[in-house]
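The structure appears right after this line, and notes come after that.
The values are calculated or read from the model by the stated rules, or taken from the named source; none is laboratory data. Owing to the predicted nature of the structure, the values given are computational and were not obtained by experimental measurement. Note that each Cβ is placed from the backbone with ideal geometry, even for glycine, and that neighbours are counted across all protein chains shown.
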């Protein structure tokens with residue numbers, strides 16, 4: 001995901017964080033590694049908190065936009081739910097997702113392709129994930145079985161319009177002027 005953003009030459013990048021768990025920590029570490037490898041500055045890490053992930057992302061992104069007085073070039077999130085909240089903050093600030101700000105998610109849930117513009121995200125093999133989780137749980141419940149092994153499943157980047165910036169020729173928005 002981060003490679004997709006940095007390969008477009010986008011450098012003013014925010015990363016929405018705040019979700020707990022090894023999967024989310026691994027996603028964040030991968031994003032930071034790609035930023036460093038691309039020679040970009042460390043992205044701004046924005047902590048989300050709230051009654052729901054989308055609400056927390058909306059509040060945190062809105063606060064950063066107001067504080068900085070502009071939109072970033074890209075906002076990477078570690079879940080589709082966070083991306084929905086971020087997108088609403090961009091729109092409420094006068095921006096257009098996919099034109100002024102690239103927004104990405106992670107999960108490729110049902111709404112990712114129904115979102116407007118369709119959300120760039122990472123697809124996980126959910127059926128395989130469920131099978132491994134159930135198998136692992138069964139092994140944990142059976143004292144005669146060794147602990148389940150750690151499993152890393154393949155993922156696939158699904159590039160959609162939310163991350164492919166196409167600036168308008170005459171934009172009066174608060175968006176960052178240095179976009180390519």
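Side notes on the structure shown:
- Looking across the stretch 80-99 at every residue that is crowded, with 24+ Cβ neighbours inside 10 Å and out of contact with any helix residue (DSSP H, G or I) (no Cβ under 6 Å at 6 or more places or on another chain), the one that is farthest from residue 20 (Cα to Cα) is identified as 90.
- Qualifying residue in the stretch 146-161 (condition: outside any loop (DSSP other than H, G, I, E, B), in contact with a strand residue (DSSP E or B) (Cβ under 7 Å, 6 or more places away or on another chain) and closer than 18 Å to residue 26 by Cα): yes
- So residue 18, is it over 15 Å from residue 103 (Cα atoms), in contact with a strand residue (DSSP E or B) (Cβ under 9 Å, 6 or more places away or on another chain), at pLDDT 90 or above and buried (at least 16 other Cβ atoms within 10 Å of the Cβ): no
- Residue 148 satisfies every condition listed in (1) in contact with a helix residue (DSSP H, G or I) (Cβ under 7 Å, 6 or more places away or on another chain); (2) exposed (fewer than 12 other Cβ atoms within 10 Å of the Cβ); (3) more than 27 Å from residue 32 (Cα to Cα) except (2).
- Scanning the stretch 122-139 for residues that are touching a residue at least 12 places away in the same chain (Cβ under 8 Å) and out of contact with any strand residue (DSSP E or B) (no Cβ under 8 Å at 6 or more places or on another chain) returns 125, 128, 129, 132, 135, 136.
- Count of the stretch 38-71 residues, restricted to those that are more than 20 Å from residue 165 (Cβ to Cβ), touching a strand residue (DSSP E or B) at 6+ places or on another chain (Cβ under 9 Å), surrounded by fewer than 14 Cβ atoms within 10 Å (Cβ to Cβ) and touching a residue at least 24 places away in the same chain (Cβ under 8 Å), is 2.
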